[in-house]
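Asker: The structure is given below, and queries will be raised subsequently.
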Amino acid sequence: MPEKLRIIQNKINNKAQLIAVSKFRTIDEILHLYHLGQRHFAENRVQELMEKKDKLPNDILWHVIGTLQSNKVKYIAPFVHCIHSVDGEKLAVEINKQAQKQNRIIHALFQLHIAQEDTKQGFQPDELIDLLNRQVLQSLSNINWVGVMAMATNTKNSKQIESEFHQTKLIFDKIKQDFFSDKPDFKELSMGMSGDYEIALQQGATIVRIGSLLF
Ligand SMILES: *Cc1c(COP(=O)(O)O)cnc(C)c1O
């Protein structure tokens, strides 16, 4: 029986980067994937991340994917690789400030609210484009903006998921063209989880965030 990691990697087939979502998982479960070569892991709660990271190898690249409160940024700023869940100006300003204090550049993505669900976080596309027009976010020199993250509605309707990911890709392309055309690092479309990553790949995802299917 091949490892779940290999099965998923084969399906991704180098079309995207796989981030292992390790929330709720034990240190041993994470180490198992680490020893198979996985280096990118994601957590959605700062407290859980802080408890785990000191018990794990320090060449893991940590991604934060959950709603992030500004007052918690200082804890992760010394080591976090990438924050996928930037959903407001205040949070972005705080990430930049804490990155500056640590003399680091933190990678970040704009989280877009695309799903037909109020519970999901993220910028409304118009709100993000307005901030970008005013050069508010691009001027934060210790953030390297690498792309856009979105979650589709939690539904069995694959047509709806496909349409939401397609819409996200169109907005991503527009933002890249209008605001980041001179920034080759702005190339990531982080979308797709265990239940919908194959649809996300078809719609142009460059990063998939997979938890339950991997463990
Ligand atoms: C939990 C989570 C995932 C992974 O979900 P699975 O269904 O377990 O693959 C991906 N992205 C975000 C933002 C999450 O919170």
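The values are calculated or read from the model by the stated rules, or taken from the named source; none is laboratory data. All values reported here derive from a predicted model rather than from experimental measurement. Counting neighbours? That spans all protein chains shown, and the Cβs are built from the backbone with ideal geometry, glycine included.
Asker: Give me the residue from segment 62-71 that is within 16 Å of the ligand (Cβ to nearest atom) and not in a loop (DSSP other than H, G, I, E, B) and, out of that set, surrounded by the most Cβ atoms within 10 Å (Cβ to Cβ). First the steps, then the outcome.
Answerer: Quick first cut of segment 62-71, residues within 16 Å of the ligand (Cβ to nearest atom) only: 62-69.
Now restrict to residues that are not in a loop (DSSP other than H, G, I, E, B): 62-64.
Values: 62: 22, 63: 27, 64: 25.
Ranking the candidates gives 63 first.
Asker: From the residues in segment 24-44 that are surrounded by fewer than 16 Cβ atoms within 10 Å (Cβ to Cβ) and within 29 Å of residue 203 (Cβ to Cβ), which one is nearest to the ligand (Cβ to nearest atom)?
Answerer: Checked segment 24-44; the qualifying residue nearest to the ligand (Cβ to nearest atom) is 24.
Asker: Under 7 Å between Cβ atoms, at least 6 apart or on separate chains: pull out the pairs that start in segment 188-212 with a residue that is charged (D, E, K, R) and end on any residue that is modelled with pLDDT under 95.
Answerer: Taking only residues 6 or more apart or on different chains, the pairs are 198/11.
Asker: Of the conditions (1) within 16 Å of the ligand (Cβ to nearest atom); (2) in contact with a strand residue (DSSP E or B) (Cβ under 7 Å, 6 or more places away or on another chain); (3) assigned to a loop (DSSP other than H, G, I, E, B), residue 115 fails just one. Which one is it?
Answerer: (2)
Asker: Follow-up. Restricting to segment 125-159, name every residue that is more than 19 Å from residue 185 (Cα to Cα) and either loosely packed, with under 12 Cβ neighbours inside 10 Å or in contact with a strand residue (DSSP E or B) (Cβ under 9 Å, 6 or more places away or on another chain) (or both). Outline the logic, then answer.
Answerer: Just the residues of segment 125-159 that are more than 19 Å from residue 185 (Cα to Cα), to begin with: 125-127, 130-131, 133-134, 151-159.
Passing the criteria: 125, 126, 131, 133, 134, 151, 156, 157, 159.
Asker: Working only within segment 182-214, note down all residues that are assigned to a loop (DSSP other than H, G, I, E, B), more than 11 Å from the ligand (Cβ to nearest atom) and within 12 Å of the chain's Cα centre (by Cα).
Answerer: Kept after step one, since they are assigned to a loop (DSSP other than H, G, I, E, B), are these residues of segment 182-214: 182-187, 191-196, 203-206, 211-214.
After this cut, where a residue has to be more than 11 Å from the ligand (Cβ to nearest atom) as well, the list is 182-187, 203-206.
Correct list: 205, 206.
Asker: Within segment 156-181, work out how many residues are under 30 Å from residue 3 (Cα atoms), more than 16 Å from the ligand (Cβ to nearest atom) and assigned to a loop (DSSP other than H, G, I, E, B).
Answerer: Adding up the residues that qualify gives 1.
Asker: Continuing with the same structure: Which of the residues that make up segment 176-187 are in contact (Cβ under 8 Å) with a residue 40 or more places away in the chain and either in contact with a Leu (Cβ under 7 Å, 6 or more places away or on another chain) or hydroxyl-bearing (Ser, Thr, Tyr) (or both)?
Answerer: Listed by number, the list holds a single entry, 179.
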